[in-house]
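Here is the structure we will look at, set down as structure tokens.
FYI, it's all coordinate maths here, none of it is from the lab. Here the structure is a predicted model, which means the values were calculated and not measured. Here the Cβ is made from the backbone with ideal geometry for all residues, glycine too, and neighbour counts use every protein chain on show.
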Amino acid sequence: MQLLLVGMNYKTAPLQLRERLQNSCTDQDIIIPELMSHPEIREAICLATCNRVEIIARVGDAQKGGEFLKSFMARQGNFDLSEVEKLIYMHRDFEAVRHLFRVSASLDSMVMGEPQILGQIKDAYRAAVDRHATGVLLNRLTHHAFQVAKRVRSETEIAGNAVSISYAAVELAKKIFGNLKGKAVLLIGAGEMSELAARHLIRQGVERIYIANRTMARAEQMAEEFHGAAVPFDDFFTFLPEVDIVIASTGAPGYILTPQMVSSALKKHRQHLLFLIDIAVPRDIDPDVGELDNVYLYNIDHLQDVVDTNRALRQGESLKAEEIIDAEMADFEKWFNSLAVVPTIVKLREKTDSIVQGEMERFSSWLGGLSEEDRAHVEWLVASIVNKILHDPITGLKEESSEGDEIPDMAAIRRLFKL
Amino acid sequence: MTVACIFKAALAVYLVSAIVYGGSLLERRVLTARFGAALMLVALIIHTVYFIFHWISEGTLPAAGIYDTLSFFAWVMAASYLALQLRTKTRVLGAFVAPVISVLMVVASIDLGGSVAGSTTLKGALVTLHVMFSVSGEALFAVASLAGVMYLIQDRLLRKKRDKSLIHLLPSLHDLDRINHLCLLWGFSLLTLGIIAGSFWARIVWGSHWQWDPKQVWTLVAWVFYALLLHQRLAIGWQGRKAARWSLMAFSALLLLLILESLLFSSAHNFM
């Protein structure tokens, strides 16, 4: 199939090398025309993200094409090829297909199951299409890769569990409240981590955000950003009855939220559920608070624990994903083999033609003794016999491969005729 | 004969659904529970077809005899649970509901095909209504208590931070609480209607609305208990753990009383 995939990723190359390479590979307007200008490159897509730079191409000659792609990659990063060659991996044909499938299904990602990579591949593909750098093979291959990613996403839970602290907090909140629409959050302390968690929560539909911070200016600034309300730090507990989720992350040396505060707040709010997240070290919330009815208290270690378990869960799900990829590989192979019908027919014709030619030459002395007319008759007779013999297999092959569900075994035909 | 086959088919699919749900618990996969729900829906449809055939051939609604009633109880549980799934994300709750339904169906299949020779006092539209309403109400209480059990498990897991994959699998506290709430509300309304229908019938047959029959007493006790629980939920705002625990206790009491009553007393309510 003459498909090559050449690349460098977070597993093979350190960050500073990837950075240099990525910077020079992001401008598709330069990279794609340059790739396509090489005579051996027929189709090409270039994917450049912070974790990987990969070029997938259909080439004329695999040897020359591969060498070119490697040196091209070294040149882009301004590296010495001999130095970086061992950092560059190259996959051929179906191995390249498998690699692309795994990458798009996020099995090859640093954080397995992360959703961004699929979008990045889609962008790279679109960039190549816009510059007329794709043909039958890469079009089909990339669309198949998108399909694989979709299947893996819907049939496994590889992306189902949170693998970051802030997202783990959101997942837990959902296990308590079901839906976060219309819920209210109180941030005590306006640090980076609570800001991140707040962002996640807003995306999930949280409606109101109260922010209490020692420096009021920072609280006001964040309140403006999230369309929330800054509240005085010393009175934050008066807002407890209003909220469902509390994220505490102050630098206070002792507990600032006590069981008394929480239970009196719960009384005012008639027994609703309260999710408390304490990401401060040292802790902000008295652990006894977690003993209260309908209160769920998680600190940074608990959340880290959730994240660790989820990582392991994803690992387990990846086995299922690999099975899906195996199945899809078989599908792709089927399609690819059907492609090969046409070249097989061409080869078959060439072979019979050369046999006819050879035999004619073998009998040239005898043929020379015939009249012009007789010689033409003999030639016509031979050609007609060959055509008659080939007619059924060739039309049969064409029909079978266009019907789609049954693909003729091209390997057998090639073996039979020694093509 | 064919009617019995339809019943057996429904029973078989319920069993498979229960097994698939069990598998989703073992495997820790919500996806599997989705198949369980689909199977339960298929079983419910077959079960409904059975009732229709039964009605055509015997001319009775599933309210005559204890076994028919059990099968109807299972039907209401399946129908209400599946209906609630439309509004809440509680697929895995089926892992509790499906086995209970299966057991009920197995017990109900004991008397399959046998015609019920109930006394004439137990026939008529009002009796049918009385039984159907009461049984539906109690079936909803059963679903409520199963949601309560799962609520308590999820609450404990979240509190102890144990078994994260199970936390991930089980439905959210809010959804479980909501099911508990809705089932209590509807169950109570239906039970009340059932009691009213029964007392009207009693008035016609025995001349008074109330006989102090042991089952009537127990039902009244249960009714008062659920009335209190509902009051606490609606007026005082009980929610979550406390509500779940109480609905579980109420149902256990109801169950215990039913069993004791049918073992120790004989009355117009005994079908055995």
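The Rg/Rh ratio of the stretch A:14-102, with Rg taken over Cα atoms and Rh as the Kirkwood radius over Cα pairs, comes to 0.93. Magnitude of the charge dipole for the stretch A:344-401, about its Cα centre and with charges confined to Cβ atoms of Lys, Arg (+1) and Asp, Glu (-1), is about 200 debye. Count Lys and Arg as plus one, Asp and Glu as minus one, and take only other residues whose Cβ is under 13 Å from that of residue A:125; the net charge is then 0. Less than 5 angstrom separates the built amide H of residue A:43 from those of A:58, all sequence-distant by 5 or more or on a different chain. Per-residue ellipticity at 222 nm computed for chain A from its helices equals -18500 deg cm²/dmol, with DSSP H segments shorter than 4 residues left out and the rest contributing -39,500 (n - 2.57). Here the Karplus curve 6.51 cos²θ - 1.76 cosθ + 1.60, taken at θ = phi - 60°, turns the phi angles of the stretch A:49-54 into couplings of 10, 6, 9, 7, 10, 9 Hz, with x standing for Gly and Pro. Compactness ratio for the stretch A:1-159: Cα radius of gyration over 2.2 N^0.38 Å (N = residue count) comes to 0.97. Once the convex hull of all Cα atoms in chain B is built, its volume per residue stands at 121 Å³. Counting, for every residue in B:164-173, the Cβ atoms of other protein chains within 10 Å of its Cβ and taking the mean gives 6.
The protein assembly as shown gives an Rg/Rh value of 1.15, both radii derived from C-alpha positions and Rh following Kirkwood.
Computed over chain B with a Gaussian network model linking Cα atoms closer than 10 Å, the most mobile of B:147, B:222, B:244 is B:222. Treating cross-link reach as a plain straight distance, find the aspartates and glutamates whose alpha-carbon is under 14 Å from the alpha-carbon of residue B:242, omitting any fewer than eight places away in the same chain. Within reach: A:293, B:155, B:177.
Taking the longest Cα principal axis of chain B as reference, the axis of helix B:173-206 is set at about 0 degrees. Where only DSSP H runs of four or more residues are counted, chain B gives -27000 deg cm²/dmol as its mean residue ellipticity at 222 nm, each run worth -39500 (n - 2.57). In the elastic network of chain B, a GNM with C-alpha springs shorter than 10 Å, the most mobile of B:215, B:164, B:89 is B:164.
Loop by DSSP (not H, G, I, E, B), at most 11 other beta-carbon atoms within 10 Å: where is the longest site-free stretch of chain A for trypsin sites (Lys or Arg not before Pro)? Mind dumping the intermediate values first?
On the way: sites that count: A:11, A:181, A:270, A:418.
That gives A:12-180 as the longest site-free run.
A convex hull fitted to the Cα coordinates of the stretch A:165-307 yields 94 cubic angstrom per residue.
Using alpha carbons only, how many angstrom separate the centre of the stretch B:145-209 from the centre of the stretch A:10-79? Each part reduced to its Cα centre gives a spacing of 62 Å. Pairs of Lys residues in the stretch A:54-203 that lie 8 or more places apart, or on two chains, and have C-alpha atoms under 21 angstrom apart add up to 5.
With a simple spin-label model that places each label point 7 Å from the Cα along the Cα-to-Cβ direction, the separation between residue B:49 and residue B:2 comes to 1.1 nm. Of all DSSP-defined beta bridges confined to the protein assembly as shown, some 45% are antiparallel rather than parallel.
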